[in-house]
Amino acid sequence: MLLSCGLLSLVLAAGAHAVETRALRAAQAPGARGLPYRIYVPHAIAPGQTLPLVVFLHGSDQAGTDNEQQIAYGANGALELLDNAIAAHLPLLFAAPQSPTETWHPRQVMAVIRAIEARWPVDRDRIYLTGLSSGASGAWATAKAYPRAFAALVPMTGATTLAGLARIARVPEWVFAAADDNDTSVVTGYGGAMVGSRTVVAALRRLGAPVCYTEYRHGPWPATHVIWPEAYDDPGLLRWLLAQRRGRPSPLPCPAGADAR
């Protein structure tokens with residue numbers, strides 16, 4: 001969360017993306033506190049067709065109100081997921097709200113999702129929530145607040161409290177982190193109540209939760225926190241994600257490379 005945009009740009013320069021940011025429409029959730037968001041909508045949607053929705057929550061450096069920073073640098077790698085879907089001819093909606101602060105508020109995230117459902121044909125059994133750094137923390141917080149809303153979660157390099165994990169024990173997750181993360185410890189998080197990915201995954205598994213976990217031995221130097229371009233481009237992630245249905249986790253095993261212990 002503490003890495004500067006300049007350092008992020010150096011790390012992400014090698015991760016080119018095919019989808020141009022102008023292809024993501026600008027919109028705003030209703031109400032005085034409604035968040036701005038960008039959304040990718042396929043050109044051709046058949047009558048009666050509903051589409052899966054991927055919601056991406058940015059990290060702290062992209063906080064603001066310009067409705068642009070959250071998709072800068074290919075949404076810090078998240079647009080790799082959309083690129084792969086387009087290349088595989090898998091139509092989906094991809095939304096990236098922008099928070100004005102470093103902290104995500106679950107009610108505001110859900111307001112964006114409800115606004116999208118009111119305007120575009122969303123398959124409500126295939127809503128997927130992902131986020132990186134503070135966005136991963138926001139994804140966990142939002143899922144805890146609305147545990148029946150999501151088909152799967154993909155938090156990356158985040159932290160959350162152990163409290164409330166039982167509420168999301170039935171929601172499939174694929175968690176990504178780096179063992180040598182130089183921003184958010186995979187064990188202790190920031191040294192307070194919010195612990196890191198490895199600790200969260202262990203707690204979820206004790207609850208019997210269907211969790212896949214990829215922990216890279218090393219993140220990219222010099223910003224080992226920034227694993228996102230590689231993680232979002234994982235060849236198994238899109239297939240695993242789109243196989244999940246709300247309340248009906250896929251019987252697919254965790255993809256190769258994800259520790260399913």
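The values are calculated or read from the model by the stated rules, or taken from the named source; none is laboratory data. None of these values were measured; they are calculated from a predicted model. As a convention, Cβ positions derive from the backbone with ideal geometry for all residues, glycine included, and neighbour counts pool all protein chains shown. Heads up: the accessible areas ignore ligands, DNA and RNA and are worked out on the full protein's heavy atoms, side chains in. Shrake-Rupley method; radii C 1.70, N 1.55, O 1.52, S 1.80 Å.
Laid out as a table, the results:
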{"quantity": "Residue check, Pro155 in contact with a helix residue (DSSP H, G or I) (Cβ under 8 Å, 6 or more places away or on another chain) and more than 22 Å from Val54 (Cβ to Cβ)", "calculated": "no"}
{"quantity": "Matching strands (runs of 3 or more DSSP E) fully within the stretch 84-161 where at least 1 residues are without any contact (Cβ under 8 Å) to a residue 60 or more places away in the chain", "calculated": "93-97, 152-156, 159-161"}
{"quantity": "Hits in the stretch 162-180 (condition: among the aliphatic types (A, V, I, L, M) and part of a loop (DSSP other than H, G, I, E, B))", "calculated": "Leu162, Ala163, Ala169, Val171, Ala179"}
{"quantity": "Conditions (1) in a loop (DSSP other than H, G, I, E, B); (2) free of Cβ contacts under 8 Å to residues at least 40 places away in the same chain; number of the one not met by Asp183", "calculated": "(2)"}
{"quantity": "Sole exception among (1) touching a Phe, Trp or Tyr at 6+ places or on another chain (Cβ under 8 Å); (2) buried (at least 23 other Cβ atoms within 10 Å of the Cβ); (3) of a type in the set (S, T, N, Q) for Gln98, by number", "calculated": "(2)"}
{"quantity": "Candidates Ala258, Ala223, filtered to the one that is more than 30 Å from His89 (Cα to Cα) and either touching a residue at least 24 places away in the same chain (Cβ under 8 Å) or surrounded by 14 or more Cβ atoms within 10 Å (Cβ to Cβ) (or both)", "calculated": "Ala223"}
{"quantity": "The stretch 32-67 - residue that is closer than 19 Å to Pro229 by Cβ and over 12 Å from the mean Cα position of the chain (by Cα) and, of those, most open to solvent (accessible area, probe 1.4 Å)", "calculated": "Asp61"}
{"quantity": "Number of positions in the stretch 244-255 that are open to solvent by less than 30 Å² (accessible area, probe 1.4 Å) and modelled with pLDDT of 90 or more", "calculated": "1"}
{"quantity": "Subset tally (residues that are part of a loop (DSSP other than H, G, I, E, B) and either surrounded by fewer than 19 Cβ atoms within 10 Å (Cβ to Cβ) or of a type outside the set (Asp, Glu) (or both)) for the stretch 226-243", "calculated": "6"}
